[in-house]
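To start, the structure under review is shown below, and the notes come after it.
The values are calculated or read from the model by the stated rules, or taken from the named source; none is laboratory data. Treat the numbers as computed from the prediction; the structure is a model and nothing was measured. Cβ placement follows ideal geometry from the backbone for every residue including glycine, while neighbour counts extend to all protein chains displayed. Please note that ligands, DNA and RNA were not included when accessible areas were found on the heavy atoms of the full protein model with its side chains. Shrake-Rupley method; radii C 1.70, N 1.55, O 1.52, S 1.80 Å.
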Amino acid sequence: MRNKIVAGNWKMNNNQAETSALLSELSAKLPDTEAEVMVAPTYINLVSAIGDLEGSTIQVIAQNMHFAESGAYTGEISADMLLNVGIDTAIIGHSERRAYFGETDEILKKKVVAALQNNIRVMFCFGEELEDRKSGNHFNVVKSQLKNALFELDKSAWKNMILAYEPVWAIGTGETASPEQAQEMHAFIRETIAEAFDVNIANNVSILYGGSVKPGNAVEIFSKPDVDGGLIGGAALVADDFVAIIKAI
Ligand code: 13P
């Protein structure tokens, strides 16, 4: 069966002292849950975050990863560097990486392959823009994002994959997909994976929803059968809000 997951993507927020303070508040308030709880601080604070969370069930994950093993890639971080400090999960394909840092499907495919080859679990993000939804093209866009980056993977790769559907128009805007829109897209994603691979793989992959999830809408969104949790931005920066969202799952 697929896991429930609540992950906080902190993006470029919180220096080291702020990271420690937020993690200590989160650890103190963490409710009992069967869900996997993850936080993704910035690279520079990953090591201290692991130290801050010693003995906690909260997992520290990376926001990004480069596809090369090592070499002349100024400013980048490799799979080995993550593994070496105890990180075994990376977010790949976030819409902000696609929009501001030129990450194409082709680059993302290389990143996914490199991560999986190194036994790094991939949280693969994708989602349509507002114009795509308005023009009714959202299913095609999502399908092509999945196809271009993931369809050539080996079936065995899927045990290390998490999918995160994040419609770009709902990220940081306060506008969220309705629970029905989320369910409709998640069911489509599962169907798409079933067609490209098999039903078993589709039924076992966790599909998270991301985009303005807040304590006030989390219960409704998480109650949908194909929504297995959330990737949380802004609300993950406030311990009480993130805890409320974890309780909602
Ligand atoms: P918000 O929750 O701030 O909309 O961000 C979602 C997101 O991008 C998580 O990766």
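Quick rundown of the values:
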item	result
Qualifying residue in the range 178-197 (condition: open to solvent by less than 20 Å² (accessible area, probe 1.4 Å), away from the ligand (no atom under 16 Å from the Cβ) and over 18 Å from the mean Cα position of the chain (by Cα))	yes
Residue within the range 157-171 that is open to solvent by 30 Å² or more (accessible area, probe 1.4 Å), modelled with pLDDT of 95 or more and not in a helix (DSSP H, G or I) present	no
Residue in the range 198-215 that is surrounded by the fewest Cβ atoms within 10 Å (Cβ to Cβ), counting only those that are of a type in the set (Gly, Ala, Ser) and within 21 Å of residue 10 (Cα to Cα)	206
Count of residues meeting criterion [in a helix (DSSP H, G or I) and either surrounded by fewer than 17 Cβ atoms within 10 Å (Cβ to Cβ) or away from the ligand (no atom under 12 Å from the Cβ) (or both)] in the range 218-229	3
Meets criteria (more than 13 Å from the ligand (Cβ to nearest atom), under 26 Å from residue 60 (Cα atoms), under 16 Å from the mean Cα position of the chain (by Cα) and assigned to a strand (DSSP E or B)) for residue 207	yes
Qualifying residue in the range 230-246 (condition: at positive phi and within 16 Å of the ligand (Cβ to nearest atom))	no
Entirely in the range 1-93, the helices (runs of 4 or more DSSP H) that have 1 or more residues that are in contact (Cβ under 8 Å) with a residue 60 or more places away in the chain and crowded, with 23+ Cβ neighbours inside 10 Å	16-29
Set 236, 202: member being farther than 19 Å from residue 161 by Cα and either touching a helix residue (DSSP H, G or I) at 6+ places or on another chain (Cβ under 8 Å) or assigned to a loop (DSSP other than H, G, I, E, B) (or both)	236
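Residue by residue, here is whether (1) over 16 Å from the mean Cα position of the chain (by Cα); (2) more than 30 Å from residue 25 (Cβ to Cβ) holds:
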position	(1), (2)
71	yes, yes
76	yes, yes
90	no, no
102	yes, yes
107	yes, yes
142	no, yes
152	yes, yes
159	no, yes
